[in-house]
1. Hey, any idea what % of segment 88-217's accessible area is carbon plus sulfur with a 1.4 Å probe?
2. Using Cα springs under 10 Å in a Gaussian network model of the chain, which residue among L146, L105, L46 shows the largest mean-square fluctuation?
3. Please express the shape of segment 79-138 as an equivalent ellipsoid: the semi-axes are the square roots of 5 times the eigenvalues of the C-alpha gyration tensor, given largest first in whole angstrom.
4. How much FRET efficiency would the formula 1/(1 + (r/R0)^6) give for D205 and A3, where r is the Cβ-Cβ distance and R0 is 30 Å, rounded to 0.05?
5. Would you calculate the separation in nanometres between label points at E14 and E142, each defined as 7 Å from the Cα along the Cα-to-beta-carbon direction?
6. Compute the Cα gyration tensor for segment 96-201, then decide on rounded, prolate or oblate, letting a ≥ b ≥ c be the square roots of its eigenvalues: rounded whenever a/c is under 1.5, prolate when a/b is larger than b/c in the other cases, and oblate in all that remain.
7. Need one value: the accessible area of T2 in square angstrom, 1.4 angstrom probe, rounded to the nearest 10.
8. For segment 1-58, compute Rh as the Kirkwood radius over C-alpha pairs and then the Stokes-Einstein diffusion coefficient at 10 °C and 1.306 mPa s; write the answer in µm²/s, rounded to an integer.
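The values are calculated or read from the model by the stated rules, or taken from the named source; none is laboratory data. Computed from a predicted model, the values in this text were never measured in an experiment. Because the Cβ atoms are built from the backbone with ideal geometry, glycine has one as well, and the counts that use them run over all protein chains shown. Heads up: the accessible areas ignore ligands, DNA and RNA and are worked out on the full protein's heavy atoms, side chains in. Shrake-Rupley method; radii C 1.70, N 1.55, O 1.52, S 1.80 Å.
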Amino acid sequence: MTAINVLALDPGFEIRVVDAFATPQGIAARVDEIWAWEKQERGAQLTNGRAYSLCGHAPDCLTLQPIEYRHVLARRRAPDLARAGLAIRPVGVTGVLSCADGLVLGRRGDPVASDAGLWEAAPAGGLDHPDPTAQILGELREELGLDASRVPPPVACGMVEDVASGVIDIVLRLQSDASADDILAIHKALGTDEYSGLAIVKREDVAAFLEAERDHL
């Protein structure tokens with residue numbers, strides 16, 4: 001695991017969006033080079049969609065700046081670009097989903113752009129529009145196959161920053177009365193290959209699971 005920072009966030013927080021990020025001229029060529037290489041490696045499955053960077057934080061308000069996914073990928077592939085002008089803090093969403101039998105964790109599949117094979121709280125994804133609640137419910141349906149009608153409204157409980165990558169995730173609690181067997185069956189039938197597999201871990205076993213998988217989180 002990498003070092004993390006935990007940031008406070010009120011459940012009823014607001015979002016303010018400012019003008020879009022412009023790639024500094026001094027690093028534009030390198031950003032383009034990284035993107036071209038990634039496209040050559042991954043083909044049509046890699047698209048340059050909208051993303052957001054955190055540029056201001058208070059517990060009751062987040063200030064977001066529109067960026068492109070190619071900025072996120074360049075920041076991850078070449079961390080030194082942060083000091084050269086790519087000083088973005090990409091924002092994602094992570095759902096802490098509890099079902100009737102425990103906490104739902106997903107092992108990231110081979111097709112994902114980063115961290116393949118590692119476990120994470122599921123669902124999760126990059127923020128591509130300024131509505132984290134809608135985003136996490138969309139990820140829930142797409143990645144796990146679980147419809148929004150199966151969970152009460154998500155509740156924001158904080159943010160977690162991965163210090164190495166600069167990525168910040170808005171963490172939202174999700175609760176379902178579905179059983180572990182239901183979750184696994186729904187994921188197999190309707191979910192995507194974002195996760196190669198799921199683990200449903202009983203609350204009392206979470207600490208032991210995290211310790212056992214500490215090099216794969």
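1. Of all accessible area on segment 88-217, carbon and sulfur atoms account for 51 percent.
2. Its mean-square fluctuation being the largest, the pick is L46.
3. Numbers: eigenvalues 135, 54, 18 Å².
Those come to 26, 16, 9 Å.
4. On the way: r = 25 Å, r/R0 = 0.84.
It comes out at approximately 0.75.
5. Distance between label points: 2.8 nm.
6. Working: a/c = 1.59, a/b = 1.19, b/c = 1.33.
Verdict is oblate for segment 96-201.
7. 80
8. The estimated diffusion coefficient comes to 104 µm²/s.
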